[in-house]
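Participant: I'd like to ask you about the structure that follows.
The values are calculated or read from the model by the stated rules, or taken from the named source; none is laboratory data. Just so it is clear, the structure is predicted and the values come from calculations on it, not from any experiment. Because the Cβ atoms are built from the backbone with ideal geometry, glycine has one as well, and the counts that use them run over all protein chains shown.
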Amino acid sequence: MLSGKTILITGGTGSFGNTFVPMTLAKYNPKKIIIFSRDEMKQWEMAKLFQGDPRVRFFIGDVRDRERLYRALDGVDYVVHAAATKIVPTAEYNPFECIKTNINGAMNLIDACIDKGIKRVVALSTDKASSPINLYGATKLASDKLFVAGNSYAGGHDTRFAVVRYGNVMGSRGSVIPFFMSIKDSGVLPITDERMTRFMISLEEGVELVWHAFEDMEGGEIYVKKIPSMKVTDLARVVAPDARQEVVGIRPGEKLHEQMISAEDAYYTYEYPQHFKILPVINNWSSDPARIKDGQRVPEGFVYASDNNTEWMTDAQLQAWIDTNREKIGKI
């Protein structure tokens, strides 16, 4: 599907973009991948990695700027929307800025994609959008609703929108594994709560979920990948077995457990071998055979959360992942 096509990724200099670009170049050989982001230094650093590859282009811009989006989307076939203000405490203390990027930016992109005739758009979401308790999660829930409704908003246009949702990305910038690794020599690791659990997904698995969404989507689906969970105390023990764990309390807006499908979503959710799909509640799309395909409806009251997960990552599995990825942990 992506072979020979032009793809634009908003927020493309982030952790996801740095993995999506080389994987997509290798698997699909697209005509062009355009990195759209507002950080010129990150673009400069990323450009050095792809120097001499004419398929990779860079475009300075902000999703808050609708006119700039229109210019960037000229000739584009597919879009991945990864741009977001996503650090939970930052959003709590800078709510206006978070809303401008995560909600207004989503609206700008939807309008621009419809008007420019983009074929398909996949937006990245987060576990925090399911039953949100912090502003970041609330803005991403609003963003998810906007992209789902964008399929109706498009009217007679052919543009289609879908969403992918996943939790803690292992080893990404700002995540807990590189943080613990950076301070393990101090002998003390801060634990917010001994009961805390998190989903564990690699960046590569996130990219593969986006590829699947592009191939499978009819429009309006929210894709949730099946991934293992791990207790934060176990994660800390693997990273620094000799360090003491000190409980410091949950931060503002932080959840004890991650949730990706709520009981309210369950009525519209279908299960597949490797993922779930939450179907749209509007326009009777949740009963559309083309969207359901071979999925099985989940039980009433089903909740997909990191504490009730049936799959758990072992210490050995995490250690093997760290050993394999040590050089790039925290760098992308």
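Participant: With respect to Lys48, is the statement that it is basic (Lys, Arg), more than 21 Å from Asp115 (Cβ to Cβ) and either surrounded by 15 or more Cβ atoms within 10 Å (Cβ to Cβ) or in contact with a helix residue (DSSP H, G or I) (Cβ under 8 Å, 6 or more places away or on another chain) (or both) true?
Facilitator: Values: basic (Lys, Arg): yes; more than 21 Å from Asp115 (Cβ to Cβ): yes; either surrounded by 15 or more Cβ atoms within 10 Å (Cβ to Cβ) or in contact with a helix residue (DSSP H, G or I) (Cβ under 8 Å, 6 or more places away or on another chain) (or both): no.
It is false that Lys48 is basic (Lys, Arg), more than 21 Å from Asp115 (Cβ to Cβ) and either surrounded by 15 or more Cβ atoms within 10 Å (Cβ to Cβ) or in contact with a helix residue (DSSP H, G or I) (Cβ under 8 Å, 6 or more places away or on another chain) (or both).
Participant: Which one of Ile110, Ile118, Ile133 is surrounded by fewer than 20 Cβ atoms within 10 Å (Cβ to Cβ) and among the hydrophobic types (A, V, I, L, M, F, W, C)? Spell out how you get there, then give the answer.
Facilitator: Details: Ile110 fails: surrounded by fewer than 20 Cβ atoms within 10 Å (Cβ to Cβ); Ile118 fails: surrounded by fewer than 20 Cβ atoms within 10 Å (Cβ to Cβ).
Step by step, each of Ile110, Ile118, Ile133 is checked, and only Ile133 is surrounded by fewer than 20 Cβ atoms within 10 Å (Cβ to Cβ) and among the hydrophobic types (A, V, I, L, M, F, W, C).
Participant: Now, a different point. Here are the criteria: (1) farther than 20 Å from Phe36 by Cβ; (2) charged (D, E, K, R); (3) touching a helix residue (DSSP H, G or I) at 6+ places or on another chain (Cβ under 6 Å). Tell me which single one Lys140 does not satisfy.
Facilitator: For Lys140, the failing item is (1).
Participant: Evaluate the following for Glu258: is it without any contact (Cβ under 8 Å) to a residue 60 or more places away in the chain and within 30 Å of Ala123 (Cβ to Cβ)?
Facilitator: Here the answer is no, as Glu258 does not meet what is asked.
Residue-by-condition table, conditions (1) in contact with a strand residue (DSSP E or B) (Cβ under 6 Å, 6 or more places away or on another chain); (2) more than 28 Å from Glu264 (Cα to Cα); (3) assigned to a helix (DSSP H, G or I); (4) without any contact (Cβ under 8 Å) to a residue 24 or more places away in the chain:
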| position | (1), (2), (3), (4) |
| --- | --- |
| Val76 | yes, yes, no, no |
| Val79 | yes, yes, no, no |
| Ala84 | no, no, no, no |
| Ala91 | no, no, yes, no |
| Lys100 | no, no, yes, no |
| Asn104 | no, no, yes, no |
| Ala112 | no, yes, yes, no |
| Ile118 | yes, yes, no, no |
| Val121 | yes, no, no, no |
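Each row is one residue, and each column tells you yes or no for (1) among the aromatic types (Phe, Trp, Tyr); (2) surrounded by 19 or more Cβ atoms within 10 Å (Cβ to Cβ); (3) in a strand (DSSP E or B); (4) touching a residue at least 12 places away in the same chain (Cβ under 8 Å).
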{"site": "Ala138", "(1), (2), (3), (4)": "no, yes, no, no"}
{"site": "Ala149", "(1), (2), (3), (4)": "no, no, no, yes"}
{"site": "Val164", "(1), (2), (3), (4)": "no, yes, yes, yes"}
{"site": "Gly167", "(1), (2), (3), (4)": "no, yes, no, yes"}
{"site": "Pro190", "(1), (2), (3), (4)": "no, no, yes, yes"}
{"site": "Val207", "(1), (2), (3), (4)": "no, yes, no, yes"}
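Participant: Those residues that are surrounded by 17 or more Cβ atoms within 10 Å (Cβ to Cβ) and in a strand (DSSP E or B), I need them from region 1-45; list them, please.
Facilitator: Thr6, Ile7, Leu8, Ile9, Thr10, Ile33, Ile34, Ile35, Phe36, Ser37
Participant: So, in region 307-332, of the ones that are modelled with pLDDT of 90 or more, exposed (fewer than 12 other Cβ atoms within 10 Å of the Cβ) and of a type in the set (D, E, K, R), which residue ends up nearest to Asp193 (Cα to Cα)?
Facilitator: Glu311
Participant: Right, another one. Which residue is nearest to Ala305 (Cα to Cα), if the candidates are limited to region 241-277 and must be acidic (Asp, Glu) and part of a strand (DSSP E or B)?
Facilitator: Going through the qualifying residues, I end up with Glu271.
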